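K.L.:
Structure incoming, see below.
Just so it is clear, none of the values below were taken in a lab; they were calculated from the coordinates. The structure displayed is predicted, hence computed values, not measured ones. Methodologically, a virtual Cβ is constructed for each residue, glycine included, from the backbone with ideal geometry; neighbour enumeration extends over all protein chains shown.
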Amino acid sequence: MGDGGFFDEMWRDAGEVREPYRRFNAWFEDENPRDLLAKQREAEDLFRLAGITFNVYGRAEAEERLIPFDIIPRIIANAEWQRLSRGIEQRVRAINAFLHDIYHRQEIVKAGRLPEGMLARNAAFLPQMIGVKPPGGIYTHVVGIDLVRTGPGQFYVLEDNARTPSGVSYMLENRETMLQMFPELFVRNRVQPVQTYPADLRRSLAASAPAGTAGRPTVAVLTPGIYNSAYYEHAFLADQMGVDLVEGHDLRVVDGRVAMRTTRGYKPIDVLYRRVDDDFLDPLNFTPESQLGIPGIMDVYRSGGITIANAPGTGIADDKAIYSYMPEIVEFYTGERPLLENVPTWRCSDPDALAYVLDNLADLVVKEVHGSGGYGMLIGPTATKKEIAAFRRKLRARPGHYIAQPTLALSTVPIFSRAGLAPRHVDLRPFVLCSPEGVRITPGGLTRVALKKGSLVVNSSQGGGTKDTWVLED
Amino acid sequence: MRLTIRHTTRYSFDAPVSHGLQQLRKTPKTGQQQRVVRWRTEVEGGHKELSFTDHHNNLVELVSFDRDTQSLAVISEGEVEIRDTSGVLGPHVGPAPLWLYRRGTALTKAGSGVRGLARTVEGETELDRLHSLMQVIHAAVAFEIGEPQTDWGAEEALAAGKGVCQDHTHIFITAAREMGWPARYVSGYLMLDDRVEQEAMHAWAEAHVAGLGWVGFDVANGIAPDNRYVRVATGLDYAEAAPVTGLRTGGAGEALSVRIGVAQQ
């Protein structure tokens, strides 16, 4: 069932089941499709009850929408996962070292491995972070690295989400739903747990508290509020960790610390897991009009009085122009060959690259350097002539705003449809926690699946769904 | 030369301030050409929350208003010893990388006016051209005593043909960056020969010249800073080097009074 030359994670070309899916397939063949269809609907009801919806930007009429869930799990063997996690850990360590370096001595520029202009002309470089030492030396407490697979052992990093990766609540709810509906599957298969994530996050954040924090560190989650598309996740994580969910107006600077209003007065916060962007974090230091932030929090941070997770200014590490230098960055800071592949990337700011991209638009994916969520991108192979022509004009007008990549042959995993199993393209976002205690990667992550046949866009804002992701024990 | 300085900024409000913060950049820097003998900043009607050193190596103190206060006073007082180096400060030390000082800001965005001005600059050496730039601006923008328009950028001031030291400095650093030099804003004190009492702090520019390092230009007066100049804070523009940056809720009807005394000891 490997379709059109794409690598299918369940089936080999000869119609033979791949090893990680053997037990699952034996179970599946014994099930009645009509029962499974009913279960699929039941799963959707569970999500609706739990209130997991998703705001789609730019669609006024349907503000909240359910992300479709598919009941066929994506299954990864332990050996595959071990190899993958070594690569992820290497990459995340390199990103932290890179951030420390660019906000201090900039050795990578002095060594000639990264052009000065990549920092000097980068809007994501935050001057207020120059010389700042984040508590424990950690910049990226939570990272979600987007990976795609093109063959049995071949994974590519698509994006390093180093500022505020979301989606972890889907990973947890997907597992919860599968456990509720198909408990027998988890008896037959030994699946590594993901439910420890909130406790791990709590521990990881607490371990990153400022030096000199007395007793158990006070952790809180900062949300922009109920109108944010990921509000559900902010509330969910605060609840699961057993910490306060706060908004900017709940906090203020008191006695040189950031403190939250409680019934017994102000209580200082040691670690703030913020889901508010840098620009809006502090009206005194950044955007004065922001109602979402806390005036003076950057001053407290710069004087060492609070941990902000992730650190301000980490956005530069997931900038798409910096991305193209990741192989150099990994080698420079770890002294090792990168274990994970980078997708070959053309920087359109370079005239030769731009010329190539303009000549080959129909075969390439073009992305905005600072964009995310699949907005404002061109997928050459599926675009119309008109769309390509319009994009060509945008590219010519502001080449520095774009990068281009070849379209990758994303692996497929079957989804459950009325017609039975049908292969669909997937990606994977594993969640990584960093603290002075080390790097911890939750086995699995969020698998996003393009529900439309042949589609390569998995973003939930563009009609993608999700799957439970299993990493098997040996 | 040894100068004693006393600087009082007093805010009063018709309505009480329920909450507010002020970032102070009021402590003179210690460097090659100046040494801070003693300095203290005190606050009335508020209290110090914390302090840190920012990326321009300025000491920043964060002050919060006392609850429901109707006045806040910041009193800085001290003594600084200065050496005359003809405006030459030497190599860049950071912590910000030198390239940061090539970046424009909202207040120092070059338009056709500044670019046109830059084209009239002449001179053999880098230093000659920078002096020429200073004289060109000095001639084009009349010095006017009075309140600065804090939201005026370099282009607006140049178009108006008049301004205060802040405007001269913005035009200079905008043009200097446009012409390829890293440049920065300096906020500080200037001892005047004919009086002690002053209404405002002074501002001048610094450009980074190959071989010399940072060199000062007092554009408003058309001269190089000497041992009457006390460097307090630096930044890409006024907004980053301002002595006070604040934010508050409540406190309608603000009135401000500033008293500065700079005297030779």
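K.L.:
I need the Debye-formula profile for the stretch A:274-430: one equal scatterer per C-alpha, no solvent, reported as log10 I(q)/I(0) at q = 0.12, 0.15, 0.18 1/Å, two decimals.
P.N.:
-0.77, -1.01, -1.12
K.L.:
Which GluC sites (Glu not before Pro) in the stretch A:214-315 pass both tests, a DSSP loop state and at most 10 other beta-carbon atoms within 10 Å?
P.N.:
Values: sites: A:E233, A:E247, A:E289; in loops: A:E247, A:E289.
Those satisfying the criteria are A:E289.
K.L.:
Neighbour counts of other C-beta atoms within 10 Å: give me A:D427, A:D350 arranged from fewest to most. Please list the in-between numbers first.
P.N.:
Numbers: A:D427 25, A:D350 14.
Ordered by Cβ neighbours within 10 Å, fewest first: A:D350, A:D427.
K.L.:
First obtain the Kirkwood hydrodynamic radius of the stretch A:208-296 from its Cα pairs, then insert it into the Stokes-Einstein equation at 4 °C and 1.567 mPa s, and state the resulting D in µm² per second as a whole number.
P.N.:
Numbers: Rh = 13.5 Å.
Approximately 96 µm²/s, per Stokes-Einstein.
K.L.:
Quote to one decimal, in nm, the extra length available between A:R392 and A:E473 on full extension: 0.36 nm per residue of separation minus the C-alpha distance between them.
P.N.:
Numbers: separation 81, 0.36 × 81 = 29.16 nm, distance 4.86 nm.
Difference between extended and current length: 24.3 nm.
K.L.:
Set the Förster radius R0 to 45 Å, insert the Cβ-Cβ distance between B:K48 and B:L212 as r into 1/(1 + (r/R0)^6), and round the FRET efficiency to 0.05. Walk me through the intermediate numbers first.
P.N.:
Values: r = 38 Å, r/R0 = 0.84.
For B:K48 and B:L212, the calculated efficiency is 0.75.
K.L.:
Still on this model: What is the projected area of the convex hull of the Cα atoms of the stretch A:346-406, averaged over all directions, in nm²? Display every interim value, and only then the final one.
P.N.:
On the way: hull surface 14.2 nm².
Projected over every direction and averaged, the Cα hull of the stretch A:346-406 covers 3.5 nm².
K.L.:
Per-residue Cβ counts within 10 Å, from other chains only, averaged over B:47-56: what number is that?
P.N.:
On the way: counts 2, 1, 10, 11, 4, 10, 3, 8, 9, 3.
Mean number of neighbouring Cβ atoms from other chains: 6.
K.L.:
While we're looking at this one, here's another question. For chain A, what does -39500 (n - 2.57) per DSSP helix run (n ≥ 4), summed and divided by total residues, give at 222 nm, in deg cm²/dmol to the nearest 500? Numbers along the way, then the final one.
P.N.:
Numbers: 15 runs with 147 residues, N = 474.
Calculated at 222 nm, the ellipticity per residue is -9000 deg cm²/dmol.
K.L.:
What list do you get for A:I138, A:I95, A:I379 if you sort them by fewest beta carbons within 10 Å? Please list the in-between numbers first.
P.N.:
Values: A:I138 23, A:I95 26, A:I379 16.
With the fewest neighbours first, A:I138, A:I95, A:I379 line up as A:I379, A:I138, A:I95.
K.L.:
Restricting to the protein assembly as shown, compute how many DSSP beta bridges are antiparallel as a %, nearest 5.
P.N.:
Rounded to the nearest five, the antiparallel share is 85 percent.
K.L.:
Between the stretch B:206-265 and the stretch A:137-166, how far is it from one alpha carbon centroid to the other, in angstrom?
P.N.:
If we compute the Cα centre of each part, the gap is 45 Å.
K.L.:
Using only helices, what value at 222 nm comes out for chain B when you add -39,500 (n - 2.57) per DSSP H run of length 4 or more and divide by the total residues, to the nearest 500 deg cm²/dmol?
P.N.:
Working: 5 runs with 48 residues, N = 265.
Helix contribution divided over all residues of chain B: -5000 deg cm²/dmol.
K.L.:
Any idea how far apart A:E341 and A:R190 come out in nm if each label point goes 7 Å out from Cα toward Cβ?
P.N.:
3.2
K.L.:
Quick check: convex hull of the Cα atoms in the protein assembly as shown, volume per residue, rounded to a whole Å³? Walk me through the numbers before you get to the answer.
P.N.:
On the way: hull volume 136.1 nm³, N = 739.
Per residue, the Cα convex hull of the protein assembly as shown comes to 184 Å³.
K.L.:
Kirkwood Rh over Cα pairs of chain B into Stokes-Einstein at 4 °C, 1.567 mPa s: D in µm²/s?
P.N.:
On the way: Rh = 18.9 Å.
Estimated via Stokes-Einstein, D reaches 68 µm²/s.
K.L.:
Sequence gap at least 6, Cα distance under 8 Å: using those rules, report the relative contact order of chain A to the nearest whole percent.
P.N.:
Working: 901 pairs, mean separation 108.4, N = 474.
Reported relative contact order: 23 percent.
K.L.:
Right, next: The stretch B:186-265: Rg/Rh from Cα coordinates, Kirkwood Rh?
P.N.:
On the way: Rg = 15.3 Å, Rh = 14.7 Å.
In the stretch B:186-265, Rg relative to Rh is 1.05.
K.L.:
Mind checking the stretch B:174-265 for GluC sites (Glu not before Pro) that DSSP puts in a loop (not H, G, I, E or B) and that have at most 12 other Cβ atoms within 10 Å? Don't jump to the answer; show the numbers that get you there.
P.N.:
On the way: sites: B:E178, B:E197, B:E199, B:E206, B:E240, B:E254; in loops: B:E199.
Answer by residue number: B:E199.
K.L.:
Can you report the principal axis dimensions of the stretch B:129-232 using only the alpha carbons, biggest first, rounded to whole angstrom?
P.N.:
So the extents along the principal axes, rounded to whole Å, are 38, 32, 22.
K.L.:
How do A:R252, A:R83, A:R393 rank when sorted from fewest to most other Cβ atoms within 10 Å of their own Cβ?
P.N.:
Details: A:R252 19, A:R83 14, A:R393 8.
Ranked by crowding around the Cβ, least crowded first: A:R393, A:R83, A:R252.
K.L.:
Just grab the label-to-label distance for A:A111 and A:N25, each label 7 Å out from Cα along the Cβ direction, in nm (one decimal).
P.N.:
That separation, rounded to one decimal, is 4.6 nm.
K.L.:
Here is a follow-up. Treat every Asp and Glu Cβ in chain B as -1 and every Lys and Arg Cβ as +1, leave all other atoms uncharged, and give the resulting dipole magnitude about the Cα centre to the nearest 20 debye. Don't jump to the answer; show the numbers that get you there.
P.N.:
Details: 26 positive and 33 negative charges, 115 e Å.
Once rounded to the nearest 20, the dipole reads 560 debye.
K.L.:
Let me make sure I get this right: for the stretch B:1-106, a, b and c are the square roots of the gyration tensor eigenvalues over alpha carbons, sorted descending. Under 1.5 in a/c it's rounded, otherwise prolate if a/b > b/c, else oblate. Which is it?
P.N.:
Working: a/c = 2.77, a/b = 1.58, b/c = 1.75.
Oblate, because a/c is 1.5 or more while a/b does not exceed b/c.
K.L.:
Toward the positive end of the charge dipole of the protein assembly as shown, about the Cα centre and with charges on Cβ (Lys, Arg +1; Asp, Glu -1), which of A:V243, A:V458, A:M10 goes farthest?
P.N.:
Most positive-ward Cα: A:M10.
K.L.:
Separation of the stretch A:456-472 and the stretch A:256-291 by C-alpha centroid, Å?
P.N.:
33
K.L.:
Right, here's the next one. What distance in nm separates the simple spin-label points at B:R115 and A:Y266, each placed 7 Å from Cα in the Cβ direction?
P.N.:
Spacing of the two 7 Å Cα→Cβ label points: 4.9 nm.
K.L.:
Restricting to DSSP loop positions (anything but H, G, I, E, B) with no more than 12 other Cβ atoms inside 10 Å of their own Cβ, which trypsin sites (Lys or Arg not before Pro) remain in the stretch B:6-105?
P.N.:
Working: sites: B:R6, B:R10, B:R25, B:K26, B:K29, B:R35, B:R38, B:R40, B:K48, B:R67, B:R83, B:R102, B:R103; in loops: B:R25, B:K26, B:K29, B:R67, B:R83, B:R103.
Of the trypsin sites (Lys or Arg not before Pro), the ones in loops of the stretch B:6-105 whose Cβ has at most 12 other Cβ atoms within 10 Å are B:R67, B:R83.
K.L.:
Another question, then. Place a +1 charge on the Cβ of each Lys and Arg in the stretch A:134-199 and a -1 charge on the Cβ of each Asp and Glu, then give the dipole magnitude about the Cα centre in debye, rounded to the nearest 20. Spell out each step's value before the answer.
P.N.:
Working: 5 positive and 6 negative charges, 38 e Å.
Charge dipole, the stretch A:134-199, about its Cα centre: 180 debye, nearest 20.
K.L.:
While we're looking at this one, here's another question. Return the subset of B:K48/B:K162; A:K394/B:K109; A:K386/A:K467; A:K394/A:K467; A:K110/B:K109; A:K133/A:K394 for which the Cα-Cα distance in this structure is over 30 Å, preserving the input order. Before the final figure, lay out each step's value.
P.N.:
Values: B:K48/B:K162 38 Å; A:K394/B:K109 25 Å; A:K386/A:K467 34 Å; A:K394/A:K467 35 Å; A:K110/B:K109 28 Å; A:K133/A:K394 40 Å.
Beyond 30 Å between Cα atoms: B:K48/B:K162; A:K386/A:K467; A:K394/A:K467; A:K133/A:K394.
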